[in-house]
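To start, the structure itself, in structure tokens.
The values are calculated or read from the model by the stated rules, or taken from the named source; none is laboratory data. No experiment lies behind these values; they were computed from the predicted model shown. We place every Cβ from the backbone using ideal geometry, glycine too, and count neighbours over all the protein chains shown. In case anyone asks, the SASA skips ligands and DNA or RNA and just uses the protein heavy atoms, side chains included. Shrake-Rupley method; radii C 1.70, N 1.55, O 1.52, S 1.80 Å.
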Amino acid sequence: MNAEAPLSRLDLNLLVALNALLSERSVSRAAERLHLSQPTLSASLARLRTHFGDQLLARRGNTYDLTPLGARLAELVPTVLEGARRVFEIEADWNPSDSTREFSIYLSDYGMATVAPVVARLSHGLAPDIRFRFLLHTPTIVDDAAERLRSVDGIVLPHGFLSDLPFTDLWRDEWVVVASGDHPAVGRGLSLDDLASASWVLTYQTRTAFTSASRQLQQLGLEPRVEVVVESFLAVPQFVIGTSRLAMVQRGIARLIERFDGVALLDPPFEATPLSNALWWHPAYRNDPAHAWMRDIFVRAGGILTER
């Protein structure tokens, strides 16, 4: 049997309708979102229900809920739709100066504050019609990066989290300790005893989500007494100021951290291993000239950050 036969009998535009119906859970709202009439969307829903042998949307009073199959499809369809969009974006002769391609990149707020603005500035000067979509990653996204990278162009992460994926090295950074401005160590410098006795604010602290800074503390034989965990680097000062807590952030965002009144940045009392930041991407993009151009923009941005 020809495996492509069922696909060839389908109108792939139904994917767009399915995505809108499952996300809006309403024929009228999906029709408004797609600028189509309600009868048109109702006809698409009927075709989809016939194809899947499932209601997809089940009425509950005046609203609709997703059926179990509908909920499964709601997770899968956006990725498939994004993949299809990328297939049809590919151009035989790609020229950045007249391209309108959009690149989607996952980053932490640290990446948003450092490399992302430089990438956007470089791109604007070379290809003003190209668009970047910068998305905040989460521990769940990082854990599922190999699959997530099928539907986005890349994720910016330090080495140590991903493996068996192509990467492009960008820039290196180092760690500094964040303390309240009235901390006793301000002026005399931190000691290992200060680190051992302190309570800590840590970032992304789960079994699979962590920073190399917290790992280095453990390698020194220090088990940080954690009072706060926050999935943001830029928010760290707000949990340190006016307390005896300590935290560690990248020097690359020091100038942003120092804008908070009552915060001090101190050198760690040990040789902290630097961060080596990289752009990770899916092997499917290896021979894509547009993606190669995008990677080069990130490399140039990393070079500018290194010079700073």
#### Entry: Built amide H within the under 5 Å cut-off of THR67, gap 5+
LEU56, LEU57, ALA58
### Query
Where the only charges are on Cβ atoms (+1 Lys, Arg; -1 Asp, Glu), what is the dipole of segment 262-308 about its Cα centre, to the nearest 20 debye?
200
#### Entry: Over the chain: Rg over Rh, Cα atoms, Kirkwood Rh
1.07
### Query
Which FRET efficiency value, to the nearest 0.05, is calculated for LEU81 and LEU126 with the Förster distance at 30 angstrom and r the Cβ-Cβ distance?
0.55
### Task
Might you report the magnitude of the Cβ-based charge dipole of the chain about its Cα centre, with Lys and Arg at +1 and Asp and Glu at -1, to the nearest 20 debye?
780
### Hz values of 3J(HN,Hα) by residue in segment 145-155 - Karplus curve (6.51, -1.76, 1.60), Gly and Pro given as x
4, 4, 7, 4, 6, 6, 10, 10, 8, x, 9
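Run the numbers for ARG49 and SER97: contour at 0.36 nm per residue of separation, minus the present Cα-Cα distance, in nm. Display every interim value, and only then the final one.
Numbers: separation 48, 0.36 × 48 = 17.28 nm, distance 4.37 nm.
My answer for the length gained is 12.9 nm.
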### Percent carbon-and-sulfur accessible area, the chain, ignoring ligands, DNA and RNA, probe 1.4 Å
51
### Message
Need one number: % antiparallel among DSSP beta bridges in segment 103-261, to the nearest 5.
### Response
30
### Task
Just flag the GluC sites (Glu not before Pro) in segment 256-308 sitting in loop per DSSP whose Cβ has no more than 13 other Cβ atoms within 10 Å.
GLU258, GLU271
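Given C-alpha coordinates of segment 211-308, what is the ratio Rg to Rh with the Kirkwood estimate of Rh?
Rg/Rh: 1.06.
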### Task
Provide, for q = 0.11, 0.17, 0.21 Å⁻¹, the log10 of I(q)/I(0) from a solvent-free Debye sum over equal Cα point scatterers in segment 18-166.
-0.61, -1.08, -1.24
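Calculate, in nm to one decimal, what THR306 and ARG215 gain on full extension: separation in residues at 0.36 nm each, minus their alpha carbon distance.
On the way: separation 91, 0.36 × 91 = 32.76 nm, distance 2.41 nm.
Full-extension gain reported as 30.4 nm.
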### Task
Taking the dipole about the Cα centre of the chain, with the C-beta of Lys and Arg at +1 and of Asp and Glu at -1, give me whichever of ALA284, SER37, SER151 is farthest to the positive side.
SER37
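Pick out the long, greasy-scoring helices in the chain: whole DSSP H runs spanning 24 Å or more along their own axis by Cα, mean Kyte-Doolittle at least -1.0. Walk me through the intermediate numbers first.
Numbers: long enough: 68-89 (32 Å, 0.33); 289-307 (27 Å, 0.21).
Both cut-offs are met by 68-89, 289-307.
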### Query
So for segment 114-258, what percent of the C-alpha to C-alpha distances run longer than 22 Å?
49
### Message
With just the Cα atoms defining each centre, how far is segment 8-72 from segment 268-304? Give it in Å.
### Response
40
#### Entry: Karplus (6.51, -1.76, 1.60) ³J(HN,Hα), θ = phi - 60°, over segment 177-188, in Hz, Gly and Pro reported as x
9, 9, 9, 5, x, 9, 5, x, 6, 5, x, 9
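For segment 135-183, what is one quarter of the convex hull surface built on the Cα atoms, given in nm²? Provide the component values of the computation, followed by the final result.
Details: hull surface 20.9 nm².
Dividing the Cα hull surface by four gives the mean projection, 5.2 nm².
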